[in-house]
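To start, the structure under review is shown below, and the notes come after it.
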Amino acid sequence: MHDTILQSIGRTPLVKLRRVTAGLAPTIAAKLESLNPGGSTKDRVAVAMIADAEKRGWLRPGGTIIEATAGNTGVGLAMAAAVKGYRCVFVLPDKMSSEKIALLRAYGAEVVITATNVPPDSPDSYNGVADRLAREIPGAWRPNQFTNLSNPEAHYRTTGPEIWEQTDGRVTHVVGGVGTGGSLTGVGKYLKEMNPDVKVIGADPEGSVLSGGSPAAWKVEGIGEDFVPRTFNSQLVDDWVRIGDAESFHTAREVSRREGMLVGGSCGTAIAAALRYARRLTASDLVVVLCPDTGRNYLSKMYDDSWLAANNLQMVPEVPHTVAELL
Ligand code: PMP
């Protein structure tokens, strides 16, 4: 029996992909981070950042956590704040979906909505407002997951060792997307320390600058950047695979339908990258794919046919339906 829900974070299952991998030689397995209690890999990061701030005296009893995020990190922080009795304030632009706002409020967090149509450096932008609240509210602390090194550290201490143990040290490749880079950096560093031959493969949306392409907009949430975050060590990445939105979403939907794993869009990007990369691998290879969150977060987006059509993301004929069709 756990004392609190926070103790149930981590030790997520690693599950083989069996059908979408037809025709490919290596074993490919998904690290299902959606099975953390807050529903994503960011639970690990949220508790690690809070523990570090408590240790350093930046966050004290009765303190307030302030962050400009509507994503998975917000949910992790809100869940941990609920358990530990901190006040939590999230500042979000008004384009965020009502489900995301409702989810944060359900955990007892306060949500401040700011206008989207202001310049990013304006005091009225969501970052500007979060900065002001952090100055004005006594005992306020901003975790800032893009610069906070507890983020990669959390994955170095937990996700990496879990993958090593779950594969009995046989993992040869790890594939994942990069948002803050915390997960791929922490996992990659740990696995390379255990076996320097382990290869780290970055899965990047077309339009992200991380893999060296020219900047453009993309729709997959949580990964790809127009800058290199402090929490990302790009030197750990041996190879990049770039994946377009349509292929990411199609792959996620195929994995849900054919493997029974309801995965999010960034899992689709990572799995699509793994399937492509696996064509050059052998039966002795074991590829682990980091799957950050669940498809439940995207039922009204990529799992909705009319949303795909409205965004011109129906399958283009040259994108294969299964890897078997590729070979
Ligand atoms: N996918 C989703 C859905 C996410 O919310 C995040 C976190 N931004 C990531 C992938 C990327 O994880 P990381 O920040 O560890 O690079």
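A short reminder: the numbers here are calculations on the coordinates, not readings from a lab. In this text the structure is predicted, and so the values were computed from the model without any measurement. Methodologically, a virtual Cβ is constructed for each residue, glycine included, from the backbone with ideal geometry; neighbour enumeration extends over all protein chains shown.
Is it true that Ala70 is away from the ligand (no atom under 14 Å from the Cβ) and of a type in the set (A, V, I, L, M, F, W, C)? Considered against the rule, which asks whether it is away from the ligand (no atom under 14 Å from the Cβ) and of a type in the set (A, V, I, L, M, F, W, C), Ala70 comes out as no.
Per the conditions (1) on the phi > 0 side of the Ramachandran plot; (2) within 11 Å of the ligand (Cβ to nearest atom), the sole criterion not satisfied by Thr231 is (1). For first residues located in the range 178-201 and at positive phi and in contact (Cβ under 8 Å) with a residue 24 or more places away in the chain, partners that are polar (S, T, N, Q) and in a loop (DSSP other than H, G, I, E, B) and lie 6+ apart or on another chain with Cβ distances below 9 Å form the pairs Gly181/Thr231; Gly181/Asn233.
To keep it simple, each residue is scored yes or no on (1) away from the ligand (no atom under 16 Å from the Cβ); (2) over 30 Å from Arg60 (Cα atoms); (3) under 17 Å from the mean Cα position of the chain (by Cα).
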residue	(1), (2), (3)
Ser125	yes, no, no
Leu133	yes, no, no
Arg142	yes, no, no
Ala154	no, no, yes
Pro161	yes, yes, no
Ser183	no, no, yes
Gly186	no, no, yes
Glu193	yes, yes, no
Ala203	no, yes, yes
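In the set (1) among the small types (Gly, Ala, Ser); (2) buried (at least 19 other Cβ atoms within 10 Å of the Cβ); (3) within 30 Å of Ala283 (Cα to Cα), the condition left unmet by Ala109 is number (3).
Considering only residues in the range 35-53 that are more than 10 Å from the ligand (Cβ to nearest atom), buried (at least 24 other Cβ atoms within 10 Å of the Cβ) and among the small types (Gly, Ala, Ser), the one that is farthest from Thr147 (Cα to Cα) turns out to be Gly38. Picking from residues in the range 206-222 that are within 11 Å of the ligand (Cβ to nearest atom) and in contact (Cβ under 8 Å) with a residue 60 or more places away in the chain, the one that is farthest from the chain's Cα centre (by Cα) is Glu221.
Among residues of the range 258-277 that are at negative phi and of a type outside the set (Lys, Arg), those with a Cβ under 7 angstrom from a residue that is within 8 Å of the ligand (Cβ to nearest atom) and in a helix (DSSP H, G or I), sequence gap 6+ or separate chain, pair up as Gly264/Asn297. In the set (1) surrounded by 17 or more Cβ atoms within 10 Å (Cβ to Cβ); (2) out of contact with any helix residue (DSSP H, G or I) (no Cβ under 7 Å at 6 or more places or on another chain); (3) of a type in the set (Val, Ile, Thr), the condition left unmet by Val118 is number (1).
Would you check if Gly10 is out of contact with any Asp or Glu (no Cβ under 9 Å at 6 or more places or on another chain), within 16 Å of the ligand (Cβ to nearest atom) and not in a helix (DSSP H, G or I)? I'd like the intermediate steps shown before the answer.
On the way: out of contact with any Asp or Glu (no Cβ under 9 Å at 6 or more places or on another chain): no; within 16 Å of the ligand (Cβ to nearest atom): yes; not in a helix (DSSP H, G or I): yes.
It is false that Gly10 is out of contact with any Asp or Glu (no Cβ under 9 Å at 6 or more places or on another chain), within 16 Å of the ligand (Cβ to nearest atom) and not in a helix (DSSP H, G or I).
For the range 47-92, filtering for residues that are within 20 Å of the chain's Cα centre (by Cα) and not aliphatic (A, V, I, L, M) leaves 8.
Scanning the range 249-299 for residues that are in contact with a strand residue (DSSP E or B) (Cβ under 9 Å, 6 or more places away or on another chain), in a helix (DSSP H, G or I), within 11 Å of the ligand (Cβ to nearest atom) and among the hydroxyl-bearing types (Ser, Thr, Tyr) turns up Ser266, Thr269.
Listed by position, the strands (runs of 3 or more DSSP E) inside the range 23-141 whose residues that are over 25 Å from His2 (Cα atoms) and polar (S, T, N, Q) number at least 1 are 27-32, 64-67, 110-114.
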